[in-house]
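Working notes, structure below.
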């Protein structure tokens, strides 16, 4: 008897096939300027969720990408797949990594564990240091997550369009603390295991574990909406971690 392919594994294979098909669009748009196209994120290093993961592609071009070009490829991606096209997330840089959208953790992911879809020239930017990663994380990522956490904590109901952002908001403290502590990009599973072994003071692990189980099941997070009350506690715990290590 043939063993059925687990749903997340089957979805991962379909998403990779979609990404491979999209390489032709990048090549047509960039020609000889295109240096490499890669998969990063959960499609590259594991932990892909059929419902909650994005399709993270890294595109390196000699002079970078323009907003019009990115918008055009997003349109082609949506036409190619109604399921995966809307989940496309593009990270990009020029040859010197002087412009683009490539935050330190994603840059580290590109350096360490990319899946090559096309490569004409391997571009290797400087490896982000732990200090650079911490500076980045305590800036916009922490501020944006804190704002979302407080908004969800005070919300009366969970709008269906906010299910994915809400689940990510519940999970983010583990990802944040993991990356802030050791300067690595890891899956949600990696981060939760790390937090279980080295729990930061004040962090509510039970809510994160419930969110991870929901993600594994590709379920609606509505039954977890009562956990919104712990989000201000999670913000405070992460702020305390920052305060201990900030210069």
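The values are calculated or read from the model by the stated rules, or taken from the named source; none is laboratory data. Predicted, not measured: the structure shown is a model, and the values here were computed from it. Counting neighbours? That spans all protein chains shown, and the Cβs are built from the backbone with ideal geometry, glycine included.
Does residue 143 satisfy the criteria of being in the same structural domain as residue 192 (by TED's automatic domain parsing), without any contact (Cβ under 8 Å) to a residue 40 or more places away in the chain, surrounded by fewer than 18 Cβ atoms within 10 Å (Cβ to Cβ) and not in a loop (DSSP other than H, G, I, E, B)? For residue 143, the condition - in the same structural domain as residue 192 (by TED's automatic domain parsing), without any contact (Cβ under 8 Å) to a residue 40 or more places away in the chain, surrounded by fewer than 18 Cβ atoms within 10 Å (Cβ to Cβ) and not in a loop (DSSP other than H, G, I, E, B) - is met. Residues in region 111-125 include at least one that is surrounded by 15 or more Cβ atoms within 10 Å (Cβ to Cβ) and modelled with pLDDT under 95.
Residues of region 56-71 that are in contact with a strand residue (DSSP E or B) (Cβ under 8 Å, 6 or more places away or on another chain) and either farther than 12 Å from residue 26 by Cα or surrounded by 18 or more Cβ atoms within 10 Å (Cβ to Cβ) (or both): 56, 57, 58, 59, 60, 61, 62, 64, 65.
Among the candidates 173, 128, the residue that is modelled with pLDDT of 95 or more and either outside any helix (DSSP H, G or I) or within 16 Å of residue 58 (Cβ to Cβ) (or both) is uniquely 128. The number of residues in region 40-55 that are surrounded by fewer than 22 Cβ atoms within 10 Å (Cβ to Cβ) and either part of a strand (DSSP E or B) or assigned by TED's automatic domain parsing to the domain that holds residue 191 (or both) comes to 0. Within region 220-247, take every residue that is outside any helix (DSSP H, G or I) and without any contact (Cβ under 8 Å) to a residue 60 or more places away in the chain and give me the one that is surrounded by the most Cβ atoms within 10 Å (Cβ to Cβ). Going through the qualifying residues, I end up with 220. Summed over region 65-118, residues that are under 22 Å from residue 17 (Cβ atoms), in contact with a helix residue (DSSP H, G or I) (Cβ under 9 Å, 6 or more places away or on another chain) and either not assigned by TED's automatic domain parsing to the domain that holds residue 23 or not in a helix (DSSP H, G or I) (or both) total 12. Residues that are surrounded by 13 or more Cβ atoms within 10 Å (Cβ to Cβ), on the phi < 0 side of the Ramachandran plot, out of contact with any helix residue (DSSP H, G or I) (no Cβ under 8 Å at 6 or more places or on another chain) and modelled with pLDDT of 95 or more do not occur anywhere in region 196-213. Quick check: anything in region 14-30 within 27 Å of residue 166 (Cα to Cα), in a loop (DSSP other than H, G, I, E, B) and in contact with a strand residue (DSSP E or B) (Cβ under 6 Å, 6 or more places away or on another chain)? For region 14-30, residues within 27 Å of residue 166 (Cα to Cα), in a loop (DSSP other than H, G, I, E, B) and in contact with a strand residue (DSSP E or B) (Cβ under 6 Å, 6 or more places away or on another chain): absent.
Do the conditions hold for residue 173, that is, is it under 22 Å from residue 53 (Cα atoms) and exposed (fewer than 15 other Cβ atoms within 10 Å of the Cβ)? Against the criterion (under 22 Å from residue 53 (Cα atoms) and exposed (fewer than 15 other Cβ atoms within 10 Å of the Cβ)), residue 173 does not qualify.
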